[in-house]
Each structure stands twice: as structure tokens, then as C-alpha cells.
1. Would you say residue 24 is of a type in the set (Val, Ile, Thr) and crowded, with 18+ Cβ neighbours inside 10 Å?
2. I need the full set of residues from the stretch 45-85 which are aliphatic (A, V, I, L, M) and assigned to a loop (DSSP other than H, G, I, E, B), in order please.
3. Going by the structure shown, is residue 135 polar (S, T, N, Q), in contact (Cβ under 8 Å) with a residue 24 or more places away in the chain, touching a His at 6+ places or on another chain (Cβ under 7 Å) and more than 30 Å from residue 191 (Cα to Cα)?
4. If you go through the stretch 50-73, how many residues are among the aliphatic types (A, V, I, L, M) and over 19 Å from the mean Cα position of the chain (by Cα)?
5. Within the stretch 297-322, track down each residue that is open to solvent by less than 50 Å² (accessible area, probe 1.4 Å) and either assigned to a helix (DSSP H, G or I) or in the same structural domain as residue 157 (by the TED database) (or both).
6. Let me spell it out: the conditions are (1) in contact (Cβ under 8 Å) with a residue 40 or more places away in the chain; (2) outside any helix (DSSP H, G or I); (3) not aromatic (Phe, Trp, Tyr), and residue 181 meets all of them except one. Which number is the exception?
7. Residue check, residue 104 against (1) more than 22 Å from the chain's Cα centre (by Cα); (2) open to solvent by 40 Å² or more (accessible area, probe 1.4 Å); (3) in contact (Cβ under 8 Å) with a residue 40 or more places away in the chain, all met but one. Which one?
8. Checking residue 216 against (1) surrounded by fewer than 24 Cβ atoms within 10 Å (Cβ to Cβ); (2) not assigned by the TED database to the domain that holds residue 282: exactly one of these is not met. Which one?
Amino acid sequence: MSITVGKPIHCKAAVAREAGKPLVIEEVIVAPPSVHEVRIKILCTSLCHSDLTLWNLKEPPGYFPRILGHEAVGIVESVGEDVKEFAEGDFVMPVFLANCGDCGDCKHRKSNQCSTLPFKLSNLMPRDETGRFTNTKGETLYHTLHVSSFTQYTVVDVAHLTKVDPQIPPNRACLLSCGVSTGVGAAWRTAQVEEGSTVAIFGLGAIGLAVAEGARLCGATRIIGVDVNASKFEIGKKFGVTDFVNPMDNATKSASEIINEMTDGGADYCFECVGMASLVEEAFACCRKGWGKTVVLGVDRPMSKLSLSSHDVLQNGKILTGSLFGGLKAKSDISTLVKWYLDKKLQLDEFVTHEMKFEDINKAFELLLEGKSLRCVLWMNT
């Protein structure tokens, strides 16, 4: 057994102290895992746009000081009481969405919304709402999305953790902890894209491109990407995007009008991957009547509202739904995605545009803010 079992661990973490300000590499203290908890040594973590969103919030759910990060993989260092599923040395992936495996929702094939530990933007541990991070002065450091991966060690509840096949490299496995799984899952699980169908994707960031990858895997024959950045089309082609619409290129028609004309009535499946109510409305407007489905993945401002035509909803038979973590159950579906990658079916390498040392995390933030990065993988030195 590790000599650190049952003891606090001193390690390095990137601490967000103020909204929008550079992270500070500090020495932090990570408490031992409590009941139903696991302490993990992080191997790799990647930067998701949700981290930028939380980092920029000056009001709740923006909390400071905190340890951000929620895409990662690592090795189990120690386990708390009543942990049967994991053991020291296991290769594991933390996930922001709980999957207890015991509640009615987790057992139901149609839901990935755990009712034991329902999703919320908490800044503490999910069961007892206390923290596991402090600095050397005793100051509490808040958690992020039940993961907090911008640290050499973290503590995660067992419901937010799944084992991973160690054959997959850590710098690829971490991508499945949130973004890529969300996009692929939205096409595969939530929308259940059918072979030969037409798909429209609003926003070709990492999530949108992952949707394209999922749609490609499902056999969609036409995948329309919508983005104001023309360079995204060439990138999108790698993931199966066949057509590109730049709303800025047409001063007289909206993107939905263009797509309705291109598809002779609308796409079978539309995905909003930016987090803007207006784009949800655009996606719904070019969703085919009778059977079309619009899936929302983008994270909008907390109080944002949609404005849809009641006539459109009632008489045109369209479906509008959200997709948290792509509708995936982490403990069963992640293993499928890992196998697809190992079998060279699922593309992951193409999402990684940068890899760097953990100490360069602020450079990773800059690259994502500048739109120069899809996924930047940070390697831990522990």
C-alpha cells in the first residue's frame, strides 16, 4: 500500500483566484478520501470550454479560489470506506455526471440522470458538501464539477468515476472524460442518428466536431457544419462534415433558411453546440417537420430563455431535447468509446492540437480563448 494512504498529500495545483485572471501554480493539501470516495493521481488533463465559462464567472456558480478542470484520467492512489468498485493502481476516468448504478434513473435504459446524486454546479463534494482542498495557510479551495483535475491529486466520489482499459494512452483517454464523449454520445445515444440521414451542426468547436464524428459513425450521409469561422470547414472534413454554411456570407438569408433550401425541407437532426438561445431557435427552424429532432449541447447563460413558435411545436411534429454528457452512462458507455478508439473506429488523435506541461496551463487557456486549440492536453509531473 502507498505510504500516503490515509494521510493528506501536498502537491501542486493550478488555482483560479479571480475571475478571468491567470491561474496560479500553488502548493495545496489534498485530504484523504472519505466514505464512497477515491483519491486519484492525475496523469493527464485537458482543457474544456466549460472551464473557461466557470473561470470567467464573477457570480455563483463562479466561486473563488477554486481548482478548475474536469477532463482527465489518472491512477487510484487510495480509496475511502465502503469503496468496493475501485482499488489502488486502477486506471480511472473522473466524469462530471454521476452514475451511481443503483437508482431508478441509472438502471433505466432511457436516462443518464442519476437521482441519487443529481447534476448541479456544486463547488464541494456531492454527498457531504464539504471540501478536500486547502492551501498551506488553511484556506479552503473550491471544487469544480465534482472533478477538479488541474491538480496533481484530486478526490472524486465513486459515482463520478469509471475504470478505463489501460491500453488507451492517457493523453487520448482524457478526451473522453467530457467533450468528445458528449458530442459523440449526442449523435449516438440522444439523437440516435440513422444511417443515410442528414445532420446540421451549429458550432464546429470540439463539441460540434465530436457530434460530426458521432454522426459519421452512425452512418449519416450528409453532415452540414455551421460556423462563422471559415477555417472550420477544412477541420470539419476530417470528422465527416460534407457541407459548410457561414452565416456571415449571406446578408439576406439566415442559416436555417439556407439549410432548409439545401435539404429540401430541413435536416433530420440538428445540434446546437455553442450555447446561444438564438442558435437553438435557428437549429429548430431548420429541423425537418414530421420527424426532425433538435439536440441542445451548448451551455448558455443561466437565465437565458428560448422563444419558439407554439404552432411550430404543435403542428410540425418536431422534437427539441437537451443532451447532458451526450446521454451516456459513464460506467457502461465509456468502455465502448475506448474500444472504438482502440479498434481505430473512433477518431481521437485529430482532436488534440496541442500537448504541453501542466506548468504551461495559462498558455493552454490563451490558445483556447484565441480559437487556436480544439483540445490541449496537459501532462502532469508527479
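The values are calculated or read from the model by the stated rules, or taken from the named source; none is laboratory data. These numbers were taken from a predicted model, which means no experiment stands behind them. Methodologically, a virtual Cβ is constructed for each residue, glycine included, from the backbone with ideal geometry; neighbour enumeration extends over all protein chains shown. Heavy atoms of the whole protein, side chains included, go into the accessibility calculation; ligands, DNA and RNA do not. Shrake-Rupley method; radii C 1.70, N 1.55, O 1.52, S 1.80 Å.
1. In short, no.
2. If the condition is that a residue be aliphatic (A, V, I, L, M) and assigned to a loop (DSSP other than H, G, I, E, B), then 47, 57, 68, 83 are the ones that fit.
3. Details: polar (S, T, N, Q): yes; in contact (Cβ under 8 Å) with a residue 24 or more places away in the chain: yes; touching a His at 6+ places or on another chain (Cβ under 7 Å): no; more than 30 Å from residue 191 (Cα to Cα): yes.
When the stated conditions are applied, residue 135 does not pass them.
4. Here the count works out to 0.
5. 312, the sole residue that qualifies.
6. (2)
7. (3)
8. It is condition (2) that residue 216 fails.
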